[in-house]
Amino acid sequence: MSAAPTQLFPVCNPATGQVIEEIQLDRVADVDVAVRTARRALPAWAATPAGERAAILNRVSILIAEGAEEFARVETQQCGKPIRLSREFDIPVTVDNAAFFAGAARTLEGKASGEYSALHTSTIRREPVGVIGSIAPWNYPLNMAGWKIFPALAAGNTVVIKPAEITPLTTLMLAEAFAEAGLPDGVLTVLLGRGPDVGEALVGHSGVDMVSFTGSTPVGKRIAEIAARGPRRVHLELGGKAPFVVFDDADLEAAIHGAVAATLINGGQDCTAATRAYVQRPLFTKFVDGVAALMETVRMGDPEDPATDLGSLISVAQAERVHGFVDRALTAGARAACGGKKPEGAFYAPTLIVDAAQDSEIVQDEVFGPVLAALPFDTDDDGLALANDTRYGLAASAWTTDVFRAQRASREIAAGCVWINDHIPLISEMPHGGVKASGYGKDLSSYALEEYTTVKHVMSEITGVARKDWHRTVFAGGHHA
């Protein structure tokens, strides 16, 4: 990170309001220093053999695992998420992602060589894009930083990453792990600053070859607009409004437990969280009663207590924003089958909303809190149509014991990921990314590695003949010996 910061910024524990640490924010001018540093480091890193890049990523995976408890503690303190979530999800997933991309670095493939014309052999090279400007969100700071850094470095790019200024600490710890693992100077730089100044300066910098952003759809549109002036490649993972479709033959107990878990994970501050439950009418009342009863058992409290199920949201302002959605829905005639009232501070209780209209704000817009809206449907056609009736398309799930219903749902629901009889799990080997207003491009898997490469066609003449027959299309003497 560059020197001469201009201001201190307090990183606070949202559950307590206490300052954890003060960080020095970078200036807009520091963006140029960071990008130039990354560009100087690019040729050597791009030329580093894949095995050496893989060894560094493997070492980082080991270092995160060795420091798991400290990573988990800091992640919980800066986010307000339960320590169980940090210990059992955020950290192990990041360890696995680093290990996966270490392996993937050595298996990047192009199209097989072939003679597609009589005179040439063609091959495909996959090469690094260059300098990647990455902006990561506050809901999963360590995970999302890893999703951006690991594939980009594995493919031979250099990275300048800006974490959210309110949750930068585990990203800084990750950068320290890379330095300890032997990553050369300049290959990874962390910028600390706000989105409207440092973030936009990074996205618009002429030395950045690709922008990777995870966050809200409105900000994603702004990112795409700035990057298009380059133009430069853009990778966007944006908002979601995931449908949770329960058919009348579903395992009701599984659907109830799945809905509560998928709604409340990370306080609902997850773009893939279940937010709209569409339940076929014969099961609707039992589903609502079951979800409400289970939500009532959830233990909300101190995020650092292992017995806590639901910690705080990221800030008091976020909790008030969530309550605004709920309050407006109730005012418009919806009913809270559970929750619906705001506790003190940055906390928000699990909430189940029924009787909301399909076109209402709480059904259509991203709340980003522990709130589920449940609506009934009659026919399978109705359920799938309702699931698709949103501008988002990041994730969805279908709950049924009928293989044909499951296959139809997987085909017809417009989302980058459709789970069958589950909702939330992601794995390093399979891609994650959205359609429609949820963005484009893939994180995780070998598809993510490809996102950070360019495809180059190399065409080699194989006959040794100096004068080609096609030359006559340019000058008459081309075909003569």
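Some observations on this one:
- Any hit, region 237-250, residues being in contact with a helix residue (DSSP H, G or I) (Cβ under 8 Å, 6 or more places away or on another chain) and free of Cβ contacts under 8 Å to residues at least 60 places away in the same chain: yes
- Residue 160 vs. criteria touching a strand residue (DSSP E or B) at 6+ places or on another chain (Cβ under 7 Å), surrounded by 24 or more Cβ atoms within 10 Å (Cβ to Cβ) and hydrophobic (A, V, I, L, M, F, W, C): yes
- Pairs are defined by a Cβ separation below 9 Å, a sequence spacing of at least 6 or placement on different chains, a first member in region 53-76 that is over 14 Å from residue 170 (Cβ atoms), and a second member that is outside any helix (DSSP H, G or I) and among the basic types (Lys, Arg); the pairs so defined are 53/106; 54/106.
- The single residue among 476, 448, 415, 466 that is of a type in the set (A, V, I, L, M), assigned by TED's automatic domain parsing to the domain that holds residue 99 and on the phi < 0 side of the Ramachandran plot turns out to be 448.
- Yes/no for residue 73 being closer than 30 Å to residue 89 by Cβ, buried (at least 18 other Cβ atoms within 10 Å of the Cβ) and basic (Lys, Arg): no
- Condition met for residue 128 (closer than 21 Å to residue 23 by Cα and either at pLDDT 95 or above or surrounded by fewer than 23 Cβ atoms within 10 Å (Cβ to Cβ) (or both)): no
- Selection from region 199-216 of residues that are aliphatic (A, V, I, L, M) and touching a strand residue (DSSP E or B) at 6+ places or on another chain (Cβ under 6 Å): 202, 203, 208, 210, 211
- Flag if residue 244 is surrounded by fewer than 24 Cβ atoms within 10 Å (Cβ to Cβ) and of a type in the set (Phe, Trp, Tyr): no
- Some residue of region 436-452 being acidic (Asp, Glu), part of a strand (DSSP E or B) and surrounded by 22 or more Cβ atoms within 10 Å (Cβ to Cβ): yes
The values are calculated or read from the model by the stated rules, or taken from the named source; none is laboratory data. What you see is a predicted model; the values in this text were computed from it and never measured. Neighbour counts are summed over all protein chains in view; Cβ atoms, including those assigned to glycine, are modelled from backbone coordinates with ideal geometry.
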